[in-house]
1. Does any residue of region 44-61 turn out to be closer than 15 Å to residue 110 by Cβ, β-branched (Val, Ile, Thr) and either within 12 Å of the chain's Cα centre (by Cα) or in a loop (DSSP other than H, G, I, E, B) (or both)?
2. Considering each of 55, 26, 37, 93 in turn, give the residue that is aliphatic (A, V, I, L, M), free of Cβ contacts under 8 Å to residues at least 60 places away in the same chain and within 17 Å of residue 124 (Cα to Cα).
3. Listed residues 2, 72, 88; which is hydroxyl-bearing (Ser, Thr, Tyr) and modelled with pLDDT of 95 or more?
4. Among the listed residues 108, 23, 64, identify the single one that is part of a helix (DSSP H, G or I) and of a type in the set (A, V, I, L, M).
5. Restricted to region 5-55, and to residues that are surrounded by fewer than 17 Cβ atoms within 10 Å (Cβ to Cβ) and closer than 14 Å to residue 69 by Cα, which residue is modelled with the lowest pLDDT?
Amino acid sequence: MTADPHRHSVLIVEDEDSIALAIEFVLARQGYAHRRVARGRDALASIREARPDLVLLDIMLPDISGYEIIETLRADPALRGMRVLMMTARGSVVERRKGLELGADGFIAKPFELNELRAEIARLLDAG
């Protein structure tokens, strides 16, 4: 079953083109409205403007880290409820713990299986 594209929107914050293309493929196949930004500062502006239902947030970005972005979101009363799935190539236990402690709703290590990503996205969007 595919989602109604008007029901859920997803913001992809990912600086690696190949990974972003794979994520966009999954989101398009599932029928989600989506947009991508490659820089952390652009992510904060996009989140404030578009208010997506879910943010897929890479930790290692060229300007500010995903950790800084989630700290900013959780500190802002208007954005603290935003659902965030953090993604990192350094999928260590320490990275996962830090992301979850900062308020991430989920965490996925790259490279990930597309089915794993699809399931996490569905879980987080169904939770809201």
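The values are calculated or read from the model by the stated rules, or taken from the named source; none is laboratory data. The model shown is predicted, which means the values in this text are computed figures rather than measured ones. Don't worry about glycine lacking a Cβ; one is built from the backbone with ideal geometry, like all the others, and counts go over all protein chains shown.
1. yes
2. 55
3. 72 is the lone residue from the list that is hydroxyl-bearing (Ser, Thr, Tyr) and modelled with pLDDT of 95 or more.
4. Result of the check over 108, 23, 64: 23.
5. Taking the candidates together, the pick is 41.
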